[in-house]
2 protein chains.
Amino acid sequence: MELIPYLALGSALAGLALAAFFYTNVKKASPGNDRMVYLMEEIQKGAKAFLKQEYTWVSGFVVVMAILIAVLISGYGAFTYVIGAILSGLAGYVGMTVATMANARTTEAAKDGPSKALPIAFRGGAVMGFSVAGFALGGLMLVYLLMVDVFALADGFEVVTSYGLGASSIALFSRVGGGIFTKAADVGADLVGKVEAGIPEDDPRNPATIADNVGDNVGDVAGMGADLFESYAGSVIAPIALTAFALQLDPSASSGEDGYIGTGGAFSLLMFPMFVAFIGMVSSIVGSFFVRSGSSTDSRALSRALHMGTNIAMGLTIVGTVAGAYWLFGDAEVFDQPAGLAISVVGGLIVGWALGKSAEYYTSDHFKPVKQIAEQSETGPATTVLKGISIGMVSVAASVALLVIGIGVAYWGGDLAFGDTALGANGFGGIYGVAVAAIGMLATTGVVVSVDAYGPIADNAGGIAEMAELDPSVREVTDALDALGNTTAAVAKGFAVGSAALTALALFKSFEFALNKAAESDGQISRAQLDAGETILNLNIGDIEVFVGLFLGAMLPFLFAALTIDAVGRAAYQMIEEVRRQFREIDGLREGREGVNPDSARCVAISTNASLKEMIIPGALAVIVPMVIGFVSIDALGGFLAGSLVTGFALAIFMANAGGAWDNAKKYIEGGAHGGKGSDPHKAAVVGDTVGDPFKDTSGPAMNILLKVMTIVSLVFASAFVSL
Amino acid sequence: MELIPYLALGSALAGLALAAFFYTNVKKASPGNDRMVYLMEEIQKGAKAFLKQEYTWVSGFVVVMAILIAVLISGYGAFTYVIGAILSGLAGYVGMTVATMANARTTEAAKDGPSKALPIAFRGGAVMGFSVAGFALGGLMLVYLLMVDVFALADGFEVVTSYGLGASSIALFSRVGGGIFTKAADVGADLVGKVEAGIPEDDPRNPATIADNVGDNVGDVAGMGADLFESYAGSVIAPIALTAFALQLDPSASSGEDGYIGTGGAFSLLMFPMFVAFIGMVSSIVGSFFVRSGSSTDSRALSRALHMGTNIAMGLTIVGTVAGAYWLFGDAEVFDQPAGLAISVVGGLIVGWALGKSAEYYTSDHFKPVKQIAEQSETGPATTVLKGISIGMVSVAASVALLVIGIGVAYWGGDLAFGDTALGANGFGGIYGVAVAAIGMLATTGVVVSVDAYGPIADNAGGIAEMAELDPSVREVTDALDALGNTTAAVAKGFAVGSAALTALALFKSFEFALNKAAESDGQISRAQLDAGETILNLNIGDIEVFVGLFLGAMLPFLFAALTIDAVGRAAYQMIEEVRRQFREIDGLREGREGVNPDSARCVAISTNASLKEMIIPGALAVIVPMVIGFVSIDALGGFLAGSLVTGFALAIFMANAGGAWDNAKKYIEGGAHGGKGSDPHKAAVVGDTVGDPFKDTSGPAMNILLKVMTIVSLVFASAFVSL
């Protein structure tokens, strides 16, 4: 069992090797003619320029936080914080570089049909997927082994948690910054290009087209990658932190049956999450080889090919987890029936899948809700907007119901696993079950992110086909590939959302334990008092500080949403002005005169500057607010975290699903329903889609990270709150 | 001090007498020419028909609930429940009858200028205001005196709580049903009349015009009245219930220094809220006589006249409360420094006022937010909608910050009042302070509702002027009066929202005490255990049942909002179809041929039937969900109530302010900004306004009642949850 961290580290390295293999694979393919290479390089240049500037800004933040951690917590913590941040940034950078290489190559391959193009797009995405998973797990295992095993630091587990905070910091800024960039460019390109100038989407004359394509990469690829890096790392960290703080494990203490090293004791609890991560990584690697499109060009066959990788990886993860729970942990003394943990993990997986399906139901045009929005577009934009809002809100009810079932099953599984043992009796078992359920959802991150990153690559490939003025048949192929990506992305979305809630819940509980641990070292509470059930943290809702915290917590997600929506609005406004200016001032641009090119670089620069400026306040809020509340009252902070988690979860689901539903209602109408493109219902649907843009691509996805950043900040600084 | 309930009862009767006096006053005025009388009677007929049907439906619900209460709780409880429901309905009926008499009379008086019309509109509203306040307080005092003083029932205080539930039931259905009616009619009238047929607002040719005017009365008058009836009654009940359950008072037990009758003991705690209510009622009566417009027709003078009544009432209430706290309660043994209570009450009043001002800031066109929305309308409906959403969300932050300050001040005042006494030490004092702060906001309900109900009367008067085709100068006068109403309504809104949160908080705490009391009678916990701080209710957020409850609680307001938005959509759709049909089938209607009248009654009937059908599910939800959760797990119910309170408060503020801001942005543009009426920005603003209609007039205001209904249902059925 001692080998598990090394196995996990090894599997992470294997994942990175696979990413390297796919990279050479993609690189070998031809990027097409000069025009295509030019466009690809423009997009690549823009994306890299954005990332470079973003990382410059964010590194300032990272330095400040690292100093804070070094001063208030420990130097080692500051070190692992920086490691987490750097690896997350690196994964995003690598993934995006390859994604911006794969786009033109997919376009070129699309000339020979979808069965040639699909593997390139998938492998381009897989570089991202396995970079994210490999760096996240590899870095975490390295930090774990160093801090806990090698150095045997007394605060080794706190230091591991800092790694998660590093990843979360990058994720939040990437999601917010990338989300603002992509929507500003999108809105700018659409509004002036399509609506005012009357030229088609992705037209080379439109100065914002390149920026729009850059946005797909920085938002949907780099942002999403950083998001899943932190979700994945967080899901593995949560049960480790929970165990360590709840049982007050101290890696530097001597070993023994109940101590850290004893194989029958707490050690199994630390190893189980790593084991699931290891199984998931191996399964993902195996699964990724099953994405083969064969010779069929039928869209259902292609969709099956794409789903095959994920399905196989999940199946293998389930089998491996169940087997491992029995064989590897079967005789661990700390468990009564380790099979219970398999219930938690598999339950988590199933609920994550169901959350994805629920999102698909509310946002896909194959089902009633989106059709109802399309229908309401007959009576104008107001009814379209209202229907989208009510559908988004109803989807909250469905998702919370599923989540509550998931929590219930995971808790029950955990309870079962510990049975009548000491840990089972005090309720620790259930929450441990909840923590490992989140890993169940994210164990297959490698392949899930691959499929997710495939989408924007196919999307970009279509853009290049259009801008390079290739034969329309090429665009048709890329459009078909793009459409496949939309349904597969729903699964990843469900996992991201569900795991965020479960991980935050486990981290919240760890926060409680961490405070007690800190209070004990600080002499504010004795071991005997703790054993008697006393606690330094009062979480009774009936107490006014906790309730005030709940109110403030429920408010913050609204404020965050407002700030990010406004940020998109302001950035888009600047972009609109610039595109208008170019059409006005560059002679012959609108008419498409030979040799007249728009100044795309300027549009990219505008989106970059605006989005980076706008990401500061909402991003900083997530770190500053919990710290301020924590130093005033830890009880209020407890209420605050709980309030923001439940309200933020609801608001995130509402915004993501309402936005997705509007988007697809518009596409449904563009497909010919209710009068098709250019009709009044279409115009109404475009309004809904525009309202939904910042909902689904900026505020909604960033909300999940916000919740975790706030919890993990509180967890990392717990000892400072207590002792200062 | 024993006289206080009788004084309060007496002041309530005086309020009712004042209502009767104003009634005769209004009745004496001339309702104008035949056409005006016809219109007035049509509106009156429609409104009464709606109320009659609504009450028929609701009485079915009341009977079911009464049986449930009789079986599960007590026959007396069922009786007071029915009393609460009947009085609330009665207040709504009386108020609405007079409001629908006052409209034409205001129009007629407007021929002689605003200084003649203002008193009539105000007195019409004052009948509503003092009916609401008089019936609510009078009924409550009667029930109190009967159950507690005369019968000395052992469960006398629980029975008093049932009175509040009766009022809440009616309020919820009135708000939801009335809200759906008014918006369905409004949207139907606007969309087909103004947009499709191109005829002005309130045009007699429009079949939905009468229904629209009926809607103003059933939604803004009867619905608002029932809302404030329950808020007011609830705010007085909350501290009484809190005291009774916390101190386990039993009116049937023998008297004594620490018992019920002892003037130095708990008795003062029961009397203080009634004393504030008494002072507030007397102050309101005095204040109402200061609404005199004099001879000036200047709009600022008129506004001053209207505000004068409220300001005087509030000033007197503050003075009376401070004086009472010192002189009357100064030597009550239970208090250390009764002045602390004055801080709570006055603090509540000020925060309520500030909440109103905050709502005004975010929704009035004198300030930046609304101007920003108007500016965004330049770039189309999507940006208009997004800006309204972000402004609504930012306003949540402002309101929660104010509320938290209010809770803090009230809590601190309560703490101060009890000081080092036994009650001060265990934290009861603070929450008692919060409970009485809510009364501070609502003590002047009589005059506040008068001013609030004045608005729709002036609005209706304008409608009648238009439909009766009077001289445009009359319409100008009524428009000026209407505009005054909008600013004064903001204060009432702030009080309603703030007191809802404070009352729900106090009731929530009472719920905890009530469960313990029930568990003790049931033998599940002993007096000694309770005294040692044990409790039957676990409210620790760290426990999974409580957290699951929080998640479910955060979800319910979203579901409720979705259901009510959809209900408005469906009802409006039926109305639109009907208006279109009439324009199509009734020959000469659109052209306005002499003698051709629309079938207004049919439109009223459609709105009535649709809104009553649609109110069932959201209304029932509020009662059924907490009961189901409560019978499964009281801990989860505790979390559920807290989660729904904090999230529902945020969502209610968001919806109300976003809706109000869109409405006024549209009016601002209609006033000539950004191209004025008929311009593209105006069309975009109309979209925003239509999205906001169900936000501000249906879902938003109903949300506040939802929160209290759920808490009070839990409180009333607490003993059943414990013993079944």
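Values in this text are rule-based calculations from the coordinates and carry no lab data. Only a predicted model underlies this, so the values are computations on that prediction, with no experimental measurement involved. Using ideal geometry, Cβ is built from the backbone for each residue, glycine included, and neighbour counts are taken over all protein chains shown.
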Cβ-Cβ cut-off under 10 Å around residue A:220, Lys and Arg +1, Asp and Glu -1: the net charge is -4
Given charges at beta-carbon only (K, R positive; D, E negative), |dipole| of the protein assembly as shown in Debye: 1940
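Could you work out the local net charge near residue A:235, counting Lys and Arg as +1, Asp and Glu as -1, over the other residues with Cβ closer than 15 Å to its Cβ?
0
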Quick one: the Cα spread of the stretch A:395-500 along its three principal axes, in angstroms, biggest first? 69, 28, 14
Enumerate the calculated ³J(HN,Hα) couplings along the stretch B:56-66 in order (Karplus 6.51 cos²θ - 1.76 cosθ + 1.60, θ = phi - 60°), each rounded to whole Hz, writing x wherever the residue is Gly or Pro. 4, 5, 5, 5, x, 5, 4, 5, 4, 5, 4
Tell me which trypsin sites (Lys or Arg not before Pro) from the stretch A:545-600 have a DSSP coil assignment and no more than 11 other beta carbons within 10 Å of their own. A:593
Tell me whether the protein assembly as shown comes out rounded, prolate or oblate; compute the Cα gyration tensor, take square roots of the eigenvalues as a ≥ b ≥ c, and use a/c under 1.5 as the rounded threshold. oblate
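Which of the trypsin sites (Lys or Arg not before Pro) across the stretch A:606-706 are loop residues per DSSP, with 15 or fewer other Cβ within 10 Å?
Loop-located and lightly packed - A:677.
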Stokes-Einstein D (µm²/s) once Rh is taken as the Kirkwood radius of the stretch A:346-413 over alpha-carbon pairs, at 25 °C in 0.890 mPa s: 188
Using Stokes-Einstein with the Kirkwood hydrodynamic radius over Cα pairs, what translational diffusion coefficient do you get for the stretch B:122-205 at 4 °C and a viscosity of 1.567 mPa s, in µm²/s rounded to a whole number? 79
Report, as an integer, the average count of C-beta atoms from other chains found within 10 Å of each Cβ along A:184-193. 1
Stokes-Einstein translational diffusion, the stretch A:569-724 - Kirkwood Rh over all Cα pairs, 1.567 mPa s, 4 °C, in µm²/s: 68
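What is the dipole size for chain A, taken about its Cα centre, with +1 at each Lys and Arg Cβ and -1 at each Asp and Glu Cβ, in debye to the nearest 20?
So the magnitude is around 1080 debye.
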Using a label point 7 angstrom from Cα along Cα-to-C-beta, what distances in nm, from shortest up, separate residue B:21 from the other copies? 9.3
Work out Dmax and Rg for the stretch A:670-719 from the C-alpha atoms and quote the Rg first, both in angstrom. 19.3, 62
The Kirkwood hydrodynamic radius of chain A, taken as the inverse of the mean 1/r over all distinct Cα pairs, in Å, comes to 25.5
Only counting other Cβ atoms within 10 Å, I'd like A:668, A:326 sorted with the fewest neighbours first. A:326, A:668
Over the C-alpha atoms of the stretch B:1-111, what are the Rg and the largest Cα-to-Cα span, Dmax, in Å? 18.8, 58
Rg/Rh ratio calculated on Cα atoms of the stretch B:553-647 (Kirkwood radius): 1.28
Would the stretch B:371-452 count as rounded, prolate or oblate if I go by the C-alpha gyration tensor, calling it rounded below 1.5 in a/c and otherwise prolate when a/b exceeds b/c, oblate otherwise? oblate
Between the residues B:626, B:177, B:208, the Cα farthest towards the positive end of the dipole of chain B, that dipole coming from +1 and -1 charges on the beta-carbon of Lys, Arg, Asp and Glu, is from B:208
Which distances, shortest first and in nm, link residue A:290 to the matching position in the other copies, using label points set 7 Å out along Cα to C-beta? 7.9
Copies of residue B:526 compared via label points 7 Å along Cα→Cβ give distances in nm, shortest first, of 2.7
Across A:685-692, the residue-averaged tally of Cβ atoms belonging to other chains within 10 Å stands at 4
The stretch A:140-186: Kirkwood hydrodynamic radius (Cα pairs, Å) comes out at 12.3
Is the shape of the stretch A:300-399 best called rounded, prolate or oblate, per the rule: a/c under 1.5 gives rounded, else a/b larger than b/c gives prolate, else oblate, with a ≥ b ≥ c the square roots of the Cα gyration tensor eigenvalues? oblate
Got a sec to turn the phi values of the stretch B:694-703 into Karplus ³J(HN,Hα) couplings, 6.51 cos²θ - 1.76 cosθ + 1.60 with θ = phi - 60°, whole Hz, x for Gly and Pro? x, 4, 8, 10, 10, 5, x, x, 6, 4
Looking at the stretch A:559-616, which GluC sites (Glu not before Pro) are in a loop (DSSP not H, G, I, E or B) and have at most 15 other Cβ atoms within 10 Å? A:591, A:594
Taking θ = phi - 60°, what integer Hz values does the Karplus form 6.51 cos²θ - 1.76 cosθ + 1.60 yield along the stretch B:561-573, in sequence order, with x for Gly and Pro? 4, 4, 5, 6, 4, 4, 4, 4, x, 5, 5, 5, 4
Once the other residues with Cβ under 15 Å from the Cβ of residue B:619 are scored (Lys, Arg +1; Asp, Glu -1), what is the net sum? -2
